[in-house]
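K.L.:
Following this message is one structure expressed as structure tokens.
The values are calculated or read from the model by the stated rules, or taken from the named source; none is laboratory data. None of these values were measured; they are calculated from a predicted model. Here the Cβ is made from the backbone with ideal geometry for all residues, glycine too, and neighbour counts use every protein chain on show.
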Amino acid sequence: MTTASRPDAAGVGETDAGSIMSRGTLVIDTEACKGCWLCIDACPPRVLEMTTHTLNSRGYRYPVLLAGCTGCRACSQICPDFVFQVFKYETPVIAPLTMPADEPRP
Amino acid sequence: MLEFENRRIVDTSRPPEVPVKLVDDFTPELIDVGAHHLCPGCGEPIAMRLVMEVLAEQELKNRALAVFGIGCYTAFSNNLDCEVVQALHGRAPSVATGAKRADPNLVTFTVQGDGDMVNEGLQEVLHAAARGEQITCVLLNNGVFGETGGHMTATTTIGQRTKNTLEGRNTDDHGHPIRIASLIAELEGAAFVARGAVNNAGNVARTKRMVERAIEVQLLGIGFTFVEILTMCPTGWFVETEEAPAYLDDTIGVANSPGVLRDIAPDSQSSSSTTIS
């Protein structure tokens, strides 16, 4: 898929077909999460995704971060459970957009 | 939900090893503990976060006094790293008035819900506003009594379903809702009145500027300041957590549109009414 499928992804900067730039990253305290999904809808570049097969010890699904974070703090500001720590890279990181298809997703 | 097949997942279990700048910690400086017993998707910790961020940014933590009403958010007062007084149900503006008059150097704010402020203690907040007390009242308005099971309050909007208005609130049986911020904005004693919401990231940022402005105006000492914050209560509304932000827009958000309702303070270099709304 291309950026055209994500009208709200302006400024994320997919560098070429196979890689993507991340300006920021997160540490996610998955055990603190209560699985409310507010961060998923709040994320402007749409790089947060709820787990589909994995639960934390309290039985909640939790978010995982996909490549392409901008470090905008929308997730940490909207999170009722203080799950996110947001970092900005001093130099943006360019890394592969996808991972091997046979690798399990959480 | 997954728009990209096999989109790469980033390791978020530990901070990255390359040079980074921390832009937002788990909890802001003035919230000691993030863990709390409020429900998933609750809007109240989001609102408390931005209030405490404002106090930390304005370096007021040693002068701040929070007066809490009764509601779910009261349990969250234990997590805050500032002085907290627990008031009787609805009486927080009067307690805050006493504290502020005794020590004018304090930055006094109340935290109340709609059940606490508009049902139990309506006269307290109205008289405090009319007297022009130099306190800031923060109303966390979700349109229901969340703590006691999600029944109707005075701010529940017409047509909204709650536990005791199963067919939706109607004016014949239940009367009209009170739009408290609009009511206070009519009072001469009020210096700054605004209404924000925390149902999306844009509203959170806007609401934070309103709280900033309210504290600034309190420090000017020209009157009462009031910020109403519309919060989600998916448990009390009986909706899914991810639907709650849209539900807020469709119910209490319709009659209570966010914006600055009154600002009589002279413009300062930071936010003004035109930039916030």
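K.L.:
How many residues are of a type in the set (Lys, Arg) and surrounded by fewer than 21 Cβ atoms within 10 Å (Cβ to Cβ) when one looks only at the range B:92-132? I'd like the intermediate steps shown before the answer.
P.N.:
Just the residues of the range B:92-132 that are of a type in the set (Lys, Arg), to begin with: B:100-101, B:131.
Those left that are additionally surrounded by fewer than 21 Cβ atoms within 10 Å (Cβ to Cβ): B:101, B:131.
Selection size over the range B:92-132: 2.
K.L.:
For residues that are part of a helix (DSSP H, G or I), of a type in the set (A, V, I, L, M, F, W, C) and closer than 16 Å to B:Thr155 by Cβ, tally how many sit in the range B:118-138.
P.N.:
Of the residues in that region, 4 qualify.
K.L.:
When the residues of the range B:195-207 are filtered to those that are crowded, with 24+ Cβ neighbours inside 10 Å and either out of contact with any Lys or Arg (no Cβ under 7 Å at 6 or more places or on another chain) or modelled with pLDDT under 95 (or both), which remaining residue is farthest from the other protein chains (Cβ to nearest Cβ)?
P.N.:
B:Arg195
K.L.:
If you don't mind, there's one more thing I want to ask. Against the definition (in contact (Cβ under 8 Å) with a residue 60 or more places away in the chain and surrounded by fewer than 21 Cβ atoms within 10 Å (Cβ to Cβ)), how does B:Ala255 come out, yes or no?
P.N.:
Answer is yes for this residue.
K.L.:
Something else now. From A:Glu90, A:Glu31, which residue is within 20 Å of B:Val20 (Cβ to Cβ) and among the acidic types (Asp, Glu)?
P.N.:
A:Glu90
K.L.:
When only residues in the range B:1-32 that are in a strand (DSSP E or B) and modelled with pLDDT of 90 or more count, which is farthest from B:Asn78 (Cα to Cα)?
P.N.:
Filtering first and then ranking leaves B:Ile9.
K.L.:
Please work out if A:Thr54 is surrounded by fewer than 17 Cβ atoms within 10 Å (Cβ to Cβ), β-branched (Val, Ile, Thr) and either under 16 Å from B:Thr241 (Cα atoms) or modelled with pLDDT of 90 or more (or both). Quick ask: steps written out before the conclusion?
P.N.:
Numbers: surrounded by fewer than 17 Cβ atoms within 10 Å (Cβ to Cβ): yes; β-branched (Val, Ile, Thr): yes; either under 16 Å from B:Thr241 (Cα atoms) or modelled with pLDDT of 90 or more (or both): yes.
So A:Thr54 passes the test.
K.L.:
When you check B:Glu29 against the structure, is it under 23 Å from A:Glu31 (Cβ atoms) and either in contact (Cβ under 8 Å) with a residue 24 or more places away in the chain or of a type in the set (D, E, K, R) (or both), yes or no?
P.N.:
Judged against the criteria, B:Glu29 is a match.
K.L.:
Looking only at the range A:28-53, filter to residues that are hydroxyl-bearing (Ser, Thr, Tyr) and out of contact with any Leu (no Cβ under 9 Å at 6 or more places or on another chain); which one of those is farthest from the other protein chains (Cβ to nearest Cβ)? Before the answer, list the steps.
P.N.:
Restricting attention to the range A:28-53, the residues satisfying the condition of being hydroxyl-bearing (Ser, Thr, Tyr) are A:30, A:51-52.
The next check asks that each one be out of contact with any Leu (no Cβ under 9 Å at 6 or more places or on another chain); those that pass are A:30, A:51.
On the way: A:Thr30: 8, A:Thr51: 10 Å.
Filtering first and then ranking leaves A:Thr51.
K.L.:
While we're here: From the list B:Gln160, B:Gln218, which one is in a helix (DSSP H, G or I) and farther than 19 Å from B:Arg49 by Cα? I'd like the intermediate steps shown before the answer.
P.N.:
Numbers: B:Gln160 fails: in a helix (DSSP H, G or I).
Every option except B:Gln218 fails the conditions.
K.L.:
Go through B:Ala47, B:Ala87, B:Ala35, B:Ala66 for me and flag whichever is over 19 Å from B:Lys208 (Cα atoms), surrounded by 22 or more Cβ atoms within 10 Å (Cβ to Cβ) and either in contact with a Ser or Thr (Cβ under 9 Å, 6 or more places away or on another chain) or within 13 Å of chain A (Cβ to nearest Cβ) (or both). Before the answer, list the steps.
P.N.:
Numbers: B:Ala47 fails: over 19 Å from B:Lys208 (Cα atoms); B:Ala35 fails: surrounded by 22 or more Cβ atoms within 10 Å (Cβ to Cβ); B:Ala66 fails: over 19 Å from B:Lys208 (Cα atoms).
Checking each option against the conditions leaves just B:Ala87.
K.L.:
Can you tell me how many residues in the range A:85-106 are at the interface with chain B (Cβ under 7 Å from one of its Cβ atoms) and polar (S, T, N, Q)?
P.N.:
2
K.L.:
Restricting to the range A:61-77, name every residue that is without any contact (Cβ under 8 Å) to a residue 40 or more places away in the chain, surrounded by fewer than 21 Cβ atoms within 10 Å (Cβ to Cβ) and more than 7 Å from chain B (Cβ to nearest Cβ).
P.N.:
The one that is without any contact (Cβ under 8 Å) to a residue 40 or more places away in the chain, surrounded by fewer than 21 Cβ atoms within 10 Å (Cβ to Cβ) and more than 7 Å from chain B (Cβ to nearest Cβ): A:Arg61.
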